[in-house]
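Shown next, in structure tokens, is the structure this report addresses.
Bear in mind that the values in this text are calculations on the coordinates, not laboratory data. The structure presented is a predicted model; accordingly, all values stated were derived computationally and were not measured. Here Cβ is always computed from backbone atoms with ideal geometry, including for glycine, and neighbour counts include all displayed protein chains.
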Amino acid sequence: MPRMLSGRCLCGAVHYAVADEFTYSLNCHCADCRRATGSAFKPFAGIERSKFAITQGEDSITVYGKPDAGDLHCAKCGSLLCSVVRDGQYVHVTLGTLVDAPAIRPDAHIFVGSKAPWFTITDDLPQYQGHVG
């Protein structure tokens, strides 16, 4: 049985559980992720959608985009919980919404070609102009 992690939005209306079995983790600097988070980049970890479940407040979820390619936000506080990607098969869980620490850590920066001009990347992780892979 995998270790389960818990996460939640800022106001606590929405809670989720996710298996600590992420397959990748990145820091995304694209303009969409910066706008969605209000930050310089979005640290996220990818996992099969079947390993992620809303455990409280499903009626408080707002989806921006399509159900198989959208962002899940708390309708009350606006927190971005995850993005549904790869034809609805995966979710990109925003690491900042996790209550528990995952085993994985981001291992690269992506879309640095469009990063915020006021932000300087100071770690030694690989940097990609676009998407990795």
*In whole Å, how far is the Cα centre of the stretch 14-44 from that of the stretch 94-115?*
6 Å
*So what's the net charge close to GLN89: Lys and Arg +1, Asp and Glu -1, counting the other residues with Cβ under 9 Å from its Cβ?*
-1
*For LYS51, which aspartates and glutamates qualify as cross-link partners when the Cα separation must be under 13 Å and same-chain residues fewer than eight apart are set aside?*
ASP20, GLU21
*When the Kirkwood hydrodynamic radius is evaluated over all pairs of different C-alpha atoms of the stretch 76-118, what value in angstrom, to one decimal, is obtained?*
13.0 Å
*asked:* Report the gain in length on full extension from ALA116 to ILE104: 0.36 nm times residue separation, minus Cα-Cα distance, nm rounded to one decimal.
replied: 1.8 nm
*3J(HN,Hα) from dihedral phi, the stretch 22-39, Karplus parametrisation 6.51/-1.76/1.60, rounded to Hz, x for glycine, proline*: 4, 9, 7, 8, 9, 10, 9, 9, 5, 4, 5, 5, 5, 5, 5, 9, x, 10
*Give, as ranges by residue number, the residues of the stretch 1-21 whose backbone N falls under 18 Å from the point 7 Å along Cα→Cβ of ILE61.*
5-20
*If we restrict to alpha carbons, what Rg and Dmax does the chain come to, in Å?*
14.3, 44
*Could you go through the stretch 102-111 in sequence order and give the Karplus-derived ³J(HN,Hα) for each residue, using 6.51 cos²θ - 1.76 cosθ + 1.60 with θ = phi - 60°, rounded to whole Hz, and x for Gly and Pro?*
x, 6, 8, 10, x, 10, 6, 10, 10, 6
*asked:* Please enumerate, by chain and number, the aspartates and glutamates with C-alpha under 15 Å from the C-alpha of LYS76, excluding those fewer than 8 residues away in the same chain.
replied: GLU58, ASP59
*Please name whichever of ILE54, HIS109, CYS30 sits farthest to the positive end of the charge dipole of the chain, dipole taken about the Cα centre and charges placed at Cβ: Lys and Arg +1, Asp and Glu -1.*
CYS30
